[in-house]
Structure formats: C-alpha cells, structure tokens
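The values are calculated or read from the model by the stated rules, or taken from the named source; none is laboratory data. Because the structure is a prediction, the values reported are computed rather than measured. Here the Cβ positions follow ideal geometry from the backbone for every residue, glycine too, while neighbour counts run over all protein chains shown.
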Amino acid sequence: MSFFRRSCLGLELSDSLLKIVELQRWWGPPRLKQVIIHPLVPIWSAEEGWTEKEELIHSIQEALGEGRLGTRKVRLSLSNRHVVTQKWKVPEMNRQRMRRWIERKVLPKWQHPCGENPLFDFQPTHHVWEDGDWQEVAVSIASRSYVEEWIQIMRWCGLNPVAVDLAALHSRRWLDYCVSSTASRLALIHVHADGIEISYIQEGVLHAGTYFSMPMRKSRQQNGGTAGADPLRPILDTPDEITSYGQTMMKMMKTSGAPWLEKQIWSPNVQWVLSGEGVHFPVLREWLMKHGAPSVVVADSPEAIMPEEISDLSASRLGPALTVPLGAALEGVKAG
C-alpha cells in the first residue's frame, strides 16, 4: 500500500503512433488517469538512428498539448527493432562481476549492429546448482547513441525520462498485473501498422526477440485507406485481409532461420499473446489457432483500471493497444 500519491507516464513509439498513458496510485490499486494516442510521420526513425527529429518533436509536443499531465516523469520502452538479444555461457558469479565479464569477454567478440560501447543488460536463464558451473545468460544490447538521443528528444519535448527498458518486459509486466496468462513460456506478438515484434519469454526471462517489417497496407484489399480519424481503428478487419496478414506472419516466422522462431514457440506448452493495433485481434486469434499456433490469447484492455471520468475512451476501442506503455507506467507507480 502506498501512503503517497504516485504518478508516472509510460511511453511507446511505434512506427506510426505515439502512445502515452498516465497511471496514478494512492492507497489502492493504480488508476488510468489519461491516455494520449497520436499519429506520427512514419519516417521518424531508421535502423541506424533518428530522422526527421524536428517533425517528431513537433508531433510529440502537439500530442502533449492534448491533455493536462499530472507528472512529467516518463518511462520509455525500447522495441525489438533497436535491440538485439542473444544467449551466452558465462561462469557462475555475482551480478556485478558478471556485468564486467560480459563487458570484457562477450561484447568484444559479438558481431552486433549496435556500434561501439553499446548499452546492455542481462539475466541468467536458469539457476546454477554448483559453484563454479557455467551458466546461460540472456544479454540484450542497444545502441548507446540511439538511446541517448531518444532521451534528449524527450527532454526537448518537456518530459523527464527516468528509465528505459525493453518493450517486451513492459508487456510482460502488464500481463502479470492482469493475470492474463499463467503460462511459463510466452511468445509475445506485438503488432504495428508497419511491422511486428516477436519476443520469447520463459520463466519471466527474455530469451530472444526480433522485428519484422510487415506493412499492413500490403494485406489490404482496397488501395489507400488507413485507420482514418481514429488511429486505433483496425486497418485490417475482413477475413481475407487477416488471412493474407496471417499467412505472411507465419511464413516470416518459419523461414527466419532462428531456431526459437521456427521450433520453440510452436511447442504445445507455449502460449502466444497478441497485442498492438491495426488488426481485428479476435479474428486474427481465430485464424492463428486454425493454422497451427499452439494456444493464443489477446492481451487485456485497461478496463479494470479505467475510472468513469475517462468518458471519451472505451475499453473495447483501446483493446490490447496499450500493453507496453501500461507495463512501463506500472513499474513507476509500484509500492516502494
């Protein structure tokens, strides 16, 4: 229980949308105080860095002007598009020594695209039973210059970034809060208008993740047309469109060359969790279940934490679009 009011923002930048939620906690469970969903120019970020920064800053400032935020503290989510995760064997040791070991022994021989002196974090994938044993560790890295520039952009927009974490872990935090899944092995499938993120989590540890460029417009039956005035309105909602999208998704997964994508996540004891925006998720779930996916669920909407005063939103409209920023904000308002 918290005796002081805590407020925090969670922020996610997808290829075409800015999503911000404000959670507040005081005495009871957290409550959703505000949601900002704002379309973005879809060229603000490239693989190697930031582009069109002035346009992005203007769009974010415009979005922030849509509501009165109770805090400027924000926790940022880093997507699989800009993160590389890989498992390594390291000797059993305490966390501080392990960080130095990874920095000296692992990073120099890792051929990754994140430049010199990348940011990294790690998590052992299992318990070591005997002293001196080697253990498997999942290491995630990101470009230091990319993250630092992102933080600076947020500051220019008037926000105060207090943490950056992986989007997959933020999604898992929201699932844990909602008790959406009791499965120990999860494949998180986070959908955007221009791409898809897939993450494999086992016993709460991120084992692998990837990003596929997969524009929804290629599966549309009609030319033109977007989500329209409502950025959360499904781009793909007809059975034929979702069939085309599902076929493309499965083909990319099964021909990726990554063993975890081609075999592990298809195991009967793995549960797939769908989230994001742009598609009619119940129809996509049904299609995946009919075409070989093990168990598939759609992530929870924020209905349980939405107060009545948020009258311009509906849980059905939001659906699973906010799993990432909600998980980020939850970390900021948890009891100390």
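Here are some notes:
- Residue check for L288: assigned to a helix (DSSP H, G or I) and in contact with a strand residue (DSSP E or B) (Cβ under 7 Å, 6 or more places away or on another chain): yes
- Close pairs from the range 94-117: first without any contact (Cβ under 8 Å) to a residue 60 or more places away in the chain, partner in a helix (DSSP H, G or I), Cβ under 6 Å, at least 6 apart: N117/R144
- Checked across the range 114-128, the condition of being within 30 Å of L23 (Cα to Cα) and touching a Gly at 6+ places or on another chain (Cβ under 8 Å) holds for no residue.
- E286 being out of contact with any helix residue (DSSP H, G or I) (no Cβ under 8 Å at 6 or more places or on another chain), surrounded by fewer than 20 Cβ atoms within 10 Å (Cβ to Cβ), at pLDDT 95 or above and acidic (D, E): yes
- Selected residue (only one of T85, T182 is within 30 Å of Y245 (Cβ to Cβ), without any contact (Cβ under 8 Å) to a residue 12 or more places away in the chain and not acidic (D, E)): T182
- In the range 28-57, residue farthest from S77 (Cα to Cα) [restricted to those that are assigned to a loop (DSSP other than H, G, I, E, B) and modelled with pLDDT of 80 or more]: G28
- Test: residue in the range 278-293 that is β-branched (V, I, T) and over 22 Å from P215 (Cβ atoms): no
- S275 being surrounded by 17 or more Cβ atoms within 10 Å (Cβ to Cβ), among the hydroxyl-bearing types (S, T, Y) and modelled with pLDDT of 95 or more: yes
- Any hit, the range 309-320, residues being assigned to a helix (DSSP H, G or I), of a type in the set (V, I, T) and either touching a residue at least 24 places away in the same chain (Cβ under 8 Å) or under 20 Å from G209 (Cβ atoms) (or both): no
- Selected residue [in contact with a Pro (Cβ under 8 Å, 6 or more places away or on another chain) and within 25 Å of S275 (Cα to Cα)] from I141, I201, I189, I196: I141
- The selection criterion, being touching an Asp or Glu at 6+ places or on another chain (Cβ under 8 Å), within 26 Å of P161 (Cβ to Cβ) and part of a loop (DSSP other than H, G, I, E, B), does not hold for A328.
- Total residues in the range 170-212, condition surrounded by fewer than 19 Cβ atoms within 10 Å (Cβ to Cβ) and in a helix (DSSP H, G or I): 3
- The range 79-115, subset in contact with a His (Cβ under 9 Å, 6 or more places away or on another chain) and not basic (K, R), residue farthest from L9 (Cα to Cα): Q86
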